[in-house]
Amino acid sequence: MTERNSGAMLSAEHLLVAETNSLEGKDEGLAGALKSLFDPNEKTKSGKVLPKAYLKSAREVVKTLRESLKEDTKDIAKFRRTADAAKESIREYLNGWRGQKTVVNEESYVMLEKAIRSLASFYSKAGPSAPLPEEVKSEILGDLTAAEEFL
C-alpha cells in the first residue's frame with residue numbers, strides 16, 4: 001500500500017468515526033434504524049413505550065373494525081369480508097393480549113375492550129345477523145378513535 005492510499009483510508013476511517021459519533025445519542029440514521037428494528041417496544045403518539053406486537057395488533061383491530069362499521073350493509077359480500085376481517089383481528093388481539101399485565105391498564109387497551117364489549121353485547125342480545133343501530137355504531141367508532149389516540 002502506498003503512502004497516498006493509506007492517507008485516503010485514514011481519512012475515510014476518520015469520517016466514519018466522526019459520522020458514528022455524531023449519530024450516537026440520536027435515534028437517526030443507520031444506528032437508530034438498527035436499534036428500532038431490534039427493540040421489542042415502540043413509543044406511542046402519547047409518548048408511552050409499549051410492545052410493538054401489541055401496538056400492531058391494536059392498530060389492526062381499530063382499522064378493520066372501523067372499516068367494517070363504515071361498510072355499506074347493502075353490499076352483503078363486501079360487508080361480510082370486512083366483518084370477517086374485523087372478527088379475525090379481534091380474535092387475534094384478544095388471544096394475544098387479554099389480561100396481559102403489560103397493557104391491561106393502558107388507555108388504548110381499555111377503550112378497545114370497551115368497543116369490543118359493546119359490539120359483543122349488542123350481538124348477543126340482538127342475534128348475529130341483526131343490523132347495528134347508528135347509536136351503537138357511533139359509540140363504538142368513538143371508542144376506536146379514543147383508543148387510536150393512545151397508539
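When ranked by the protection proxy of mean other Cβ atoms within 10 Å per residue, highest first, what sequence do the peptides 104-117, 47-60 form? Please list the in-between numbers first.
Working: 104-117: 18.5, 47-60: 16.4.
Ranked by mean Cβ neighbours within 10 Å, highest first: 104-117, 47-60.
Calculate the translational D of region 48-150 in whole µm² s⁻¹ from Stokes-Einstein, where the hydrodynamic radius comes from the Kirkwood formula applied to all Cα pairs, the temperature is 10 °C and the viscosity 1.306 mPa s. Mind showing how you got there, number by number?
On the way: Rh = 13.9 Å.
D, rounded to a whole number, is 114 µm²/s.
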Original post:
Which whole-Hz ³J(HN,Hα) couplings does region 76-84 yield from phi under the Karplus relation 6.51 cos²θ - 1.76 cosθ + 1.60, θ = phi - 60°, glycine and proline marked x?
Top reply: 4, 4, 5, 4, 4, 4, 5, 5, 5
**OP:** List the residues whose amide H sits under 5 Å from the amide H of residue 41, counting only those 5 or more places along or on another chain, with H placed 1.01 Å from N in the peptide plane.
**Re:** 52
**OP:** For residue 132, enumerate residues with amide H under 5 Å from its amide H, sequence gap 5+ or separate chain, H modeled in the peptide plane.
**Re:** none
Original post:
How much length is gained if the chain between residue 100 and residue 123 is pulled fully straight, taking 0.36 nm per residue apart and subtracting their Cα-Cα distance, in nm to one decimal?
Top reply: 5.7 nm
**OP:** Report, largest value first, the span of the C-alpha coordinates of region 84-144 along each principal axis, in whole Å.
**Re:** 35, 21, 19
**OP:** For region 61-70, just list the computed ³J(HN,Hα) in residue order, Karplus coefficients 6.51, -1.76 and 1.60, θ = phi - 60°, integers in Hz, with x standing in for Gly and Pro.
**Re:** 4, 4, 4, 6, 5, 4, 4, 5, 5, 8
**OP:** Starting from the amide H of residue 150, placed 1.01 Å from N in the peptide plane, find each other amide H under 5 Å away whose residue is 5 or more places distant or on another chain.
**Re:** none
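No value in this document is a laboratory result; all are computed from the given coordinates. Since the model is a prediction, treat every value here as computed from it, not as a measurement. We place every Cβ from the backbone using ideal geometry, glycine too, and count neighbours over all the protein chains shown.
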